[in-house]
Amino acid sequence: MDCEKLLTDRLAPAFAAVAGGPVDPVVRRSQRADFQSDAALALARRLGRPPREIAAAVLDRAELGDLCAVAEVSGPGFVNLTISDAALARMVTALAGDPRLGVPAVAGPETVVVDYSAPNVAKEMHVGHLRSTVIGDAVARLLAWRGHRVVRANHLGDWGTPFGMLIEHLVDLGEAEAAEELSMGDLDSFYRAARAKFDADEGFRDRSRRRVVALQGGDATTLRLWRLLVQQSERYFLTVYDLLDVTLTARDFRGESSYHQLLAPVVDELDRLGLLRESAGAACVFPPGSVGRDGAPLPLIVRKSDGGYGYPATDLAALRQRTGELGATRLVYVVGLPQRRHFEMVFGVARQAGWLAPPARAEHVGFGSILGADGRMLRSRAGGSVKLVALLAEAVSRATALTRERNPELDAAEAAEVGRAVGIGAVKYADLASDRHRDHVLDWERMLSLDGNTAPYLQYAYSRIRSIFRRAGAAARPEAPVPLAEPAERALAFELVGFATVVAEVERTLEFHHLAGYLHRLATSFNAFYERCPVLRAEQPVRDGRLLLAELTGRVLRQGLDLLGIRTPERM
Ligand code: ARG
């Protein structure tokens, strides 16, 4: 456990006793001591007593003897706290002996469904799918590491009216030709060609409409052609996942089509529950609290006026299966912010219907867009939307060139391997290190820089640590005495013991920029330590102790980056 949390736990009861009710001690890192608590100041106003008197009363009651070397009132009423070397050393040693680095597995694992990636069949993945895939995979990795049962749900867009025209286009091209085009990842031109015919040709439109009916009616030939489209697209998406180093597999596709049989029963049940209202021929539910700009209630359309079911009904059916059949109690939807209203309404209807009742809860983990360096929507040179694979290929080739330049002695295979880890890592990290609610700017120079809050900076710190151990020729001794005489050693130790708190926070908020920011602070503290404190040249027992600090830093960096889905090469 980190020091802020420990001190908070010790100070809170003392504050409560003095105030006669709960008070947050507001513990933070301090310039004057290791930590300080400022809560006495605000409390003084409330109680009408001098703040220094309150601070002193709190210190009288708080049990800090085993933790603090100094605990004193300072200035107008701050409480200054200096952790004793013995206590800090105990925490570091405990961390060194713990394979989970202070982050316990949860006592009560939950079944969690993480809905992410979700590209559409016969359509190129775009940068929005990139963000969903990268953030969603980090969510899945983190929750799985904590010991939850994680179901990765890749809600593939594989059903609906566009499949009429897509299948007809496939028939026109011939199956072999179509399969070839799709397996090359040329999804967009396939889609655009189908669309162009649909817009221009009345006969093609008719065929397409009949095809949709045949598909929904379960016609065998149509289903076979549909499956061909889906399989080729899935195969292509899997190559992207592989390149991206995400944990999604072929088993995680849970396409919209898999809920197709459940749509009518879901709407029937909404009807039985008395929740359906008719509006312009469509069957709608008006979830409480959903109102438009003009204040009028907003409908969620669960059956269209032509009798078809769409995106909202599919999400309701999926949700009901996830809480019902799968027994999930936490549902996470990693989808762009423009769909926020959609999810609010789906969750609202599910609550009304009793499909989303405590302890089960659902969260929309929304995110902004990716912008080009000019601050506008990312566009290819030709002006179209940027193909995800092209973007990833560019990242890898830039990173490989940089690796070669910095490290001419690496052989070609190793340079390629490192270039891939760095390039892909840089793209993922740039996404995860920025507040997901905001748009994030794709800036190659910044993202691949060895300085700043970037993947290469963290990967480089890791590889430096590994090089220390290659030179040392041995691992650190976990029971080595922890050296804390130097300020840089203390600062590094405080960062190390803070890992668990950050993980707990991210598990709750699913805001990975807190983890990224922590890893960046840790690497920065390590670099400052390494500059000021010689490791291999130090006298014993300091040498062993510094090796221990270095090794722990390496382990935390590696674990932290692994939670973000980013590799840590041994050398760079
Ligand atoms: N396929 C959709 C799209 O590309 C995203 C689906 C998100 N997941 C969900 N359960 N609705 O926009």
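The values are calculated or read from the model by the stated rules, or taken from the named source; none is laboratory data. Keep in mind that this is a model prediction, so the values were computed, not measured. In this analysis, Cβ positions are derived from the backbone assuming ideal geometry, glycine residues included, and neighbour counts consider all displayed protein chains.
Of the residues making up segment 175-189, those that are over 20 Å from THR221 (Cβ atoms), touching a helix residue (DSSP H, G or I) at 6+ places or on another chain (Cβ under 6 Å) and touching a residue at least 40 places away in the same chain (Cβ under 8 Å) are SER183, GLY185. Just wondering, is there one or more residues in segment 107-117 that are more than 30 Å from LEU510 (Cα to Cα) and among the polar types (S, T, N, Q)? Within segment 107-117, not a single residue is more than 30 Å from LEU510 (Cα to Cα) and among the polar types (S, T, N, Q). Scoring ASP431 on the criteria (1) out of contact with any Lys or Arg (no Cβ under 7 Å at 6 or more places or on another chain); (2) acidic (Asp, Glu); (3) touching a residue at least 40 places away in the same chain (Cβ under 8 Å) leaves a single failure, condition (1).
Looking only at segment 121-143, residues that are farther than 24 Å from ASP435 by Cβ and surrounded by fewer than 20 Cβ atoms within 10 Å (Cβ to Cβ) come to 1 in all. Quick check on ALA55: is it free of Cβ contacts under 8 Å to residues at least 24 places away in the same chain, away from the ligand (no atom under 16 Å from the Cβ) and crowded, with 19+ Cβ neighbours inside 10 Å? So ALA55 does not fit the description; no. For segment 350-369, the criterion of being at pLDDT below 90, touching a strand residue (DSSP E or B) at 6+ places or on another chain (Cβ under 8 Å), away from the ligand (no atom under 12 Å from the Cβ) and in a strand (DSSP E or B) is met by no residue. Among the helices (runs of 4 or more DSSP H) confined to segment 112-189, the ones with at least 1 residues that are out of contact with any His (no Cβ under 6 Å at 6 or more places or on another chain), over 30 Å from GLY308 (Cα atoms) and not aliphatic (A, V, I, L, M) are located at 127-145, 175-183.
Which one of ALA144, ALA94, ALA107, ALA140 is under 22 Å from ASP431 (Cβ atoms) and free of Cβ contacts under 8 Å to residues at least 12 places away in the same chain? After applying the criteria, what remains is ALA144. Going by what's in this entry, would ALA17 be described as touching a residue at least 40 places away in the same chain (Cβ under 8 Å), out of contact with any strand residue (DSSP E or B) (no Cβ under 6 Å at 6 or more places or on another chain) and over 30 Å from ALA89 (Cβ atoms)? For ALA17, the condition - touching a residue at least 40 places away in the same chain (Cβ under 8 Å), out of contact with any strand residue (DSSP E or B) (no Cβ under 6 Å at 6 or more places or on another chain) and over 30 Å from ALA89 (Cβ atoms) - is met. Of the numbered criteria (1) closer than 28 Å to TYR333 by Cβ; (2) away from the ligand (no atom under 16 Å from the Cβ); (3) part of a helix (DSSP H, G or I); (4) not hydrophobic (A, V, I, L, M, F, W, C), the one ARG192 fails is (1). Here segment 510-565 is the region considered, the condition is being in contact with a Lys or Arg (Cβ under 9 Å, 6 or more places away or on another chain) and basic (Lys, Arg), and the residue that is surrounded by the most Cβ atoms within 10 Å (Cβ to Cβ) is ARG543.
Checked against the criteria, LEU182 does not count as under 30 Å from VAL134 (Cβ atoms) and out of contact with any Ser or Thr (no Cβ under 9 Å at 6 or more places or on another chain). Do we have any residue at all in segment 156-174 that's within 15 Å of the ligand (Cβ to nearest atom) and either of a type in the set (Lys, Arg) or touching a strand residue (DSSP E or B) at 6+ places or on another chain (Cβ under 7 Å) (or both)? Within segment 156-174, one or more residues are within 15 Å of the ligand (Cβ to nearest atom) and either of a type in the set (Lys, Arg) or touching a strand residue (DSSP E or B) at 6+ places or on another chain (Cβ under 7 Å) (or both).
Assessment of segment 497-510 against the conditions (farther than 28 Å from ARG330 by Cβ and not β-branched (Val, Ile, Thr)) yields no matching residue. Checked against the criterion of being aromatic (Phe, Trp, Tyr), within 22 Å of ALA33 (Cα to Cα) and touching a helix residue (DSSP H, G or I) at 6+ places or on another chain (Cβ under 7 Å), the candidates PHE529, PHE512 yield just one match: PHE529.
Kindly indicate whether VAL92 is more than 16 Å from the ligand (Cβ to nearest atom), buried (at least 18 other Cβ atoms within 10 Å of the Cβ) and of a type outside the set (Gly, Ala, Ser). The answer is yes for VAL92.
For segment 324-340, a tally of residues being crowded, with 22+ Cβ neighbours inside 10 Å and more than 12 Å from the ligand (Cβ to nearest atom) returns 1.
Quick one: how many residues across segment 18-35 are in contact with a Lys or Arg (Cβ under 9 Å, 6 or more places away or on another chain), closer than 12 Å to CYS3 by Cβ and of a type outside the set (D, E, K, R)? Of the residues in that region, 2 qualify. Within segment 95-148, the only residue that satisfies the criterion of being within 16 Å of the ligand (Cβ to nearest atom), of a type in the set (Gly, Ala, Ser) and farther than 30 Å from THR161 by Cα is ALA140. Applying the criterion of being of a type outside the set (D, E, K, R), surrounded by fewer than 14 Cβ atoms within 10 Å (Cβ to Cβ) and touching a residue at least 40 places away in the same chain (Cβ under 8 Å) to the residues of segment 453-477, the residue that is farthest from LYS387 (Cα to Cα) is ALA475. The set of residues in segment 80-105 that are more than 18 Å from ALA500 (Cα to Cα) and in a helix (DSSP H, G or I) comprises ASP85, ALA86.
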